[in-house]
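Notes follow once the structure below has been shown.
The values are calculated or read from the model by the stated rules, or taken from the named source; none is laboratory data. Note that the structure is a prediction, hence the values are computed from the model and not measured. No Cβ is skipped: glycine too gets one built from the backbone with ideal geometry, and neighbour counts run over all protein chains shown. Remember, those area values only see protein heavy atoms, side chains included, never the ligands or the DNA or RNA. Shrake-Rupley method; radii C 1.70, N 1.55, O 1.52, S 1.80 Å.
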Amino acid sequence: LVIELDNNKELGLVITPPKTAEYIVSSLGKIDKDQKILDPCVGPGIFIKKLLEYGIDENQIYTYDINSKFKYEIERLGVFFKEQDSLITLYPDSYNEFDFIIGNPPYLNKASTYVRKNRNKLKRIYGKINAHETYAMFLVNSIWRLKEGGKLGFITSDSFLTLSTHRKLRKFILSNCIINEILLAPKNLFSNQNVSTSPVIIILTKCTGQKNKMNRENNTMKIVPRVKNEDDYKSTINFN
């Protein structure tokens, strides 16, 4: 178990608790039979299992991960799996491809082995947005992969909400999306995995272009202050 946790930490992998995964899946809204869903960093497939429990057809679900060790578990569920680095593997047909994107992207900073090893490639793709941490790059990457009107549900560190280093990322999100919800998840959500971070759930809809500027600016988002535990997610008492 210790070795497995150490490996996960090196990969920036944080396992999403089932109740949190279920809440994010439920926040996506209606998913039609002809729509495609992607988890770009699927890991052991917590979100995939929840999607299947919700009755989503396995042929609608696509998964990517840099680590091949998850291939057997995901394919055993009948779901498509592709071993690839989603951050770097971007082709012309990668853009505007999916109706929904869901996940818990890796938490790696610029001092990590992965970022140092791929620094030049990552800078070439994400440098203009000044995205240093992998979760921030996944946000940008996934917005690119979403179709217009497509919806994203992620749980990440909340640092992008306030840090000056993420100013360009915030501008990118506000220029390309309607933010449906920001929910500050429990501080101790990942404490049993030796991960210290303040997590946030963000739900957004891709809404680009000058013609949609008023829609983006006039959008009313749901903002939920820090909840104490997962059972508080669906409480409608305390939100703005």
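Structure above, values below:
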{"item": "Residue that is closer than 20 Å to I202 by Cα and open to solvent by 50 Å² or more (accessible area, probe 1.4 Å), where the choices are K36, K50", "result": "K36"}
{"item": "Flag if C177 is at pLDDT 90 or above, within 24 Å of P92 (Cα to Cα) and surrounded by fewer than 21 Cβ atoms within 10 Å (Cβ to Cβ)", "result": "no"}
{"item": "Pick from the stretch 161-174, criterion among the hydroxyl-bearing types (S, T, Y) and more than 23 Å from T20 (Cβ to Cβ), ranking: most open to solvent (accessible area, probe 1.4 Å)", "result": "S164"}
{"item": "Selected residue [touching a residue at least 40 places away in the same chain (Cβ under 8 Å) and under 17 Å from G150 (Cβ atoms)] from I202, I182, I223, I173", "result": "I202"}
{"item": "Among residues of the stretch 139-160, those that are modelled with pLDDT of 95 or more and either more than 18 Å from C41 (Cβ to Cβ) or open to solvent by 10 Å² or more (accessible area, probe 1.4 Å) (or both), counted", "result": "5"}
{"item": "Qualifying residue in the stretch 201-219 (condition: open to solvent by 20 Å² or more (accessible area, probe 1.4 Å), closer than 18 Å to S157 by Cβ and in contact with an Asp or Glu (Cβ under 8 Å, 6 or more places away or on another chain))", "result": "no"}
{"item": "Members of the stretch 48-106 found to be under 21 Å from V14 (Cβ atoms), in a strand (DSSP E or B) and basic (K, R), listed by number", "result": "none"}
{"item": "From the options G149, G103, G209, G153, residue that is in contact with a helix residue (DSSP H, G or I) (Cβ under 8 Å, 6 or more places away or on another chain) and at positive phi", "result": "G103"}
{"item": "Flag if K128 is modelled with pLDDT under 90, part of a helix (DSSP H, G or I) and over 17 Å from the mean Cα position of the chain (by Cα)", "result": "yes"}
{"item": "Test result for G127, under 16 Å from L87 (Cβ atoms), out of contact with any Ser or Thr (no Cβ under 8 Å at 6 or more places or on another chain) and not aromatic (F, W, Y)", "result": "yes"}
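Per-residue answers, yes or no, for (1) open to solvent by 80 Å² or more (accessible area, probe 1.4 Å); (2) touching a Lys or Arg at 6+ places or on another chain (Cβ under 7 Å); (3) modelled with pLDDT under 95:
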| position | (1), (2), (3) |
| --- | --- |
| V25 | no, yes, no |
| G43 | no, no, yes |
| P105 | no, no, yes |
| K110 | yes, no, yes |
| R116 | yes, no, yes |
| L122 | no, no, yes |
